[in-house]
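Laboratory data are not the source of any read-out in this text; all were calculated from the coordinates shown. Values in this document were obtained by computation on a predicted structure and should not be read as measured data. Here the Cβ is made from the backbone with ideal geometry for all residues, glycine too, and neighbour counts use every protein chain on show.
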Amino acid sequence: MTIVVSESGARCLENRRLFVASRLLIARSRRLLNPAFEISGSADGEAHPPTNERSGYRPPYELGMLIRAKIESGSLFLLPNSKCWAGPATGKKTCAACDATIIGGVECEVGGSDSSVFVHLICHSLWCKESQAQLGQPGPSA
């Protein structure tokens, strides 16, 4: 009788170990099979940020200077607010701020007094900042 009791105790311990191991495997497979777990992290940039002739990538400070110069020359109008229409980029529009084709990511359509213009998402953000600075408005608080 003691042999049966000791064997059943050992089998219970083995079953508990297998149970815990199977739970871990199930949790891992759920993580692998669930597509929501593939999205992680974030970035301020776009899939295809604006580029320049020299190095390809155009950093935000360079875009800001370009947008400021275009506002001062009258090529870009001052934005009264940050409202725009946004959607997936078609690859057919040219950014009014940096003159690069909007490929991938998001393109923003900004309504002007005469017509609409299209800009990259980052260009729109910088355009809003420059407009607020020139209009003397405080920026959005974080």
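Structure values in brief
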quantity: Which listed residue is touching a Leu at 6+ places or on another chain (Cβ under 7 Å), part of a helix (DSSP H, G or I) and either free of Cβ contacts under 8 Å to residues at least 60 places away in the same chain or of a type in the set (Asp, Glu) (or both), from Cys123, Cys108, Cys128, Cys98; calculated: Cys128
quantity: Given (1) in contact with a Cys (Cβ under 6 Å, 6 or more places away or on another chain); (2) loosely packed, with under 13 Cβ neighbours inside 10 Å, number of the condition Val110 does not satisfy; calculated: (2)
quantity: Pairs, first assigned to a helix (DSSP H, G or I) in region 2-27, second surrounded by 10 or more Cβ atoms within 10 Å (Cβ to Cβ), C-beta under 6 Å, six or more apart; calculated: none
quantity: Matching residues in region 80-95 - criterion: being crowded, with 16+ Cβ neighbours inside 10 Å and either in contact with a strand residue (DSSP E or B) (Cβ under 7 Å, 6 or more places away or on another chain) or of a type in the set (Phe, Trp, Tyr) (or both); calculated: Cys84, Ala89, Lys93, Cys95
quantity: Region 66-75, subset hydrophobic (A, V, I, L, M, F, W, C) and within 25 Å of the chain's Cα centre (by Cα), residue surrounded by the fewest Cβ atoms within 10 Å (Cβ to Cβ); calculated: Leu66
